[in-house]
Amino acid sequence: MNGVHLDDMNDQGISILGCGWLGMEVAKRLIAKGYQVKGSTTRAEKAELLLGAAIQPYVFSLLSDKIEGTLGDFLESPLLLLNIPPGRRDPDVGRTFPLKIATLLKQVPNKSNLKCIWVSSTSVYGNLSGEVREGHALSPATQSGKALVEVEEMVQAAIPHTTILRMGGLVGPKRHPGKFLAGRQNLRGANQAINLIHLVDCVGIIEAVIEQNCWGEDFNCVSDGHPTREAYYTYAAKILKLPLPEFADDDPSIGKTILNEKVKERLGYSFQYSDPFDMLANKMA
């Protein structure tokens, strides 16, 4: 793909909307490469943390009809990473989240020249069964999933050079899978395949997209391995010596197995945590 190489854009940099668990690690990686990073947060007290990491902080919140706070020149970078989840606690998320993103997009200058990465989720595939590749029709089953599908289409329509990364379940420091289902009972989907990705690989894929100027694409971002929910989460809880999850034995569904061939073939990306069980060996509590 044609475009500006990462090294050619270092003088201008990247704006990261959502400098949280993932966004902060992306920022640190790019700063180490000499990149100038602008980062957003909704909490004023976090601005000092961003400054301490050499990130230029911007404090604002996206609302359905306005931006509350100081946007300033945040959107004037040549590269934009949009990394904010819909929010599961909002009962009206299917309506409000797309409105928030639409409000943001109205403020974006030079949309035709901007390079953008939208961090989405494999939840856009909903309750599909069997192997799922990027070409499958999107079939979200939740309000947040439906919101993500609408926003994917919205962002790509507004910013043509947008690449969508559909992340699986996020695992890494402070997100140990052993805590996800520990002690829960009568769980469904014992035989369903899991679709996880480690933080290290999330950052690595984002970096690969930027370095290779790979725009206008969509990628499934999950590890190679897909053990069953029962086998994996039982073992993960044992590692932390937590109460084991208990699964119902009357659910024959196999769920979906998200395939990652495209991200490996198109970007030449090699997963550092290709096996979800390897993620458990690293201390992540």
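The values are calculated or read from the model by the stated rules, or taken from the named source; none is laboratory data. Fair warning: this is a prediction, and the values are worked out from it, not measured in the lab. Note that we place each Cβ from the backbone using ideal geometry, even for glycine, and neighbour counts take in every protein chain shown. These area figures cover heavy atoms from the full protein model, side chains too; ligands, DNA and RNA do not enter into them. Shrake-Rupley method; radii C 1.70, N 1.55, O 1.52, S 1.80 Å.
What to note about this one:
- Note on region 214-285: with charges restricted to the Cβ of Lys and Arg (+1) and Asp and Glu (-1), its dipole about the Cα centre is near 340 debye.
- Tensor-based shape of region 215-281 (alpha-carbon gyration tensor, a/c under 1.5 rounded, otherwise prolate or oblate): oblate
- With the charge dipole of the chain set up from +1 on Lys and Arg Cβ and -1 on Asp and Glu Cβ about the Cα centre, the Cα lying farthest toward the positive end among the listed residues 26, 173, 208 is that of 173.
- Tilt relative to the chain, helix 93-105 - C-alpha long axis, 0 to 90 degrees, to 10: 30 degrees
- When the square roots of the Cα gyration tensor eigenvalues are ordered a ≥ b ≥ c, the ratio a/c for region 178-241 is 1.5 or more and a/b exceeds b/c, which makes its shape prolate.
- Of all aspartates and glutamates in the structure, the ones whose alpha carbon falls short of 18 Å from that of residue 115, not counting any fewer than 8 places away in one chain, are 7, 8, 11, 73, 76, 152, 153, 207, 211, 217, 218.
- Placed amide H near residue 257: partners under 5 Å, 5+ positions off or other chain: 130, 131, 132
- Degrees between helix 199-211 axis and first principal axis of the chain (Cα, 0 to 90, nearest 10): 40 degrees
- Residue 175 - accessible surface, heavy atoms, 1.4 Å probe, Å² rounded to 10: 90 Å²
- Spatial separation of Cα centroids for region 6-78 and region 188-254, in angstrom: 28 Å
- 0 to 90° range, to nearest 10: angle between helix 143-158 axis and the chain longest Cα axis: 30 degrees
- For region 17-135, the Cβ-based charge dipole about the Cα centre amounts to some 140 debye (Lys, Arg positive; Asp, Glu negative; other atoms uncharged).
- Within the accessible area of the chain, the carbon and sulfur atoms contribute 47%, probe 1.4 Å, all protein chains present.
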